[in-house]
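The values are calculated or read from the model by the stated rules, or taken from the named source; none is laboratory data. Fair warning: this is a prediction, and the values are worked out from it, not measured in the lab. Positions of Cβ are generated from backbone atoms using ideal geometry, with glycine treated the same way; all protein chains shown enter the neighbour counts. Please note that ligands, DNA and RNA were not included when accessible areas were found on the heavy atoms of the full protein model with its side chains. Shrake-Rupley method; radii C 1.70, N 1.55, O 1.52, S 1.80 Å.
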Amino acid sequence: LEIHFDRPMSPGLAIFGDLPEVAGKPTWDEAMEVLRLPVKLSPGARYHLYLNSRDSDKMRSAEGEPLVPREWRFSVSEP
């Protein structure tokens, strides 16, 4: 998964939900605006992810402003 932000972020992570299997360590680009999370997607699977939540705001901009909680869903097609 690759998540793009509109500003530099601090390195804290708060990703929740029905996540795909994590296949490696999360990394940031040099500008701290793109987060890459290596995952293994399963054919036919549905995922429901959250960035931050009401209870956890570890994802913050480089200036310390918490990311407004974000939610998204996606599914993987069968081959």
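Work out from phi, with θ = phi - 60° and the Karplus expression 6.51 cos²θ - 1.76 cosθ + 1.60, the ³J(HN,Hα) of each residue of the stretch 2-11, listed in order in whole Hz, and give x for Gly and Pro.
3J(HN,Hα) across the stretch 2-11, in whole Hz: 10, 10, 9, 10, 8, 7, x, 10, 7, x.
Out of the total accessible area of the chain (probe 1.4 Å, heavy atoms of protein only), what percent is carbon and sulfur?
Whole-percent figure for carbon plus sulfur exposure: 49.
Among the GluC sites (Glu not before Pro) in the stretch 1-37, which ones are in a DSSP loop with at most 13 other Cβ atoms within 10 Å of the Cβ? Mind listing them?
Those that pass, being in a loop and sparsely packed, are Glu30.
Determine, at each q value in 0.11, 0.14, 0.16 (inverse angstroms), the log₁₀ of I(q)/I(0) that the Debye formula gives when each Cα of the chain is one equal point scatterer.
-0.30, -0.48, -0.62
Suppose R0 equals 22 Å. What FRET efficiency, 1/(1 + (r/R0)^6) with r the Cβ-Cβ distance, do Ser61 and Val22 give to the nearest 0.05?
0.35
Given labels modelled 7 Å from the Cα in the Cβ direction, how far is it in nm from Phe74 to Glu30?
Label-label distance for Phe74 and Glu30, simple model: 2.6 nm.
Given a 1.4 Å probe and the protein chains all in place, what does the accessible area of Ser75 round to, in Å² to the nearest 10?
Ignoring ligands and nucleic acids, Ser75 comes out at about 80 Å².
In what order, largest first, do Phe5, Phe16, Phe74 sit by accessible area if the probe radius is 1.4 Å?
Largest accessible area first, the residues go Phe16, Phe74, Phe5.
Where the centre of each part is set by its Cα atoms, how far does the stretch 53-79 sit from the stretch 1-46, in angstrom?
Comparing the Cα centres of the stretch 53-79 and the stretch 1-46, I get a distance of 9 Å.
Would you mind working out the accessible area per residue for the chain, using a 1.4 Å probe, and quoting it in Å²?
It amounts to 69 Å² per residue over the chain.
Taking amide H positions as placed 1.01 Å from N in the peptide plane, with prolines and chain starts having none, which residues 5 or more places from Ala45, or on another chain, fall under 5 Å of its amide H?
Val76
Of all trypsin sites (Lys or Arg not before Pro) in the stretch 20-63, which ones are in loop regions per DSSP and have a Cβ with at most 12 other Cβ atoms within 10 Å?
Filter output for the stretch 20-63: Arg54.
How much net charge surrounds Gly17 when only other residues with a Cβ under 10 Å from its Cβ are counted (Lys, Arg +1; Asp, Glu -1)?
Once positives and negatives cancel, what remains is -1.
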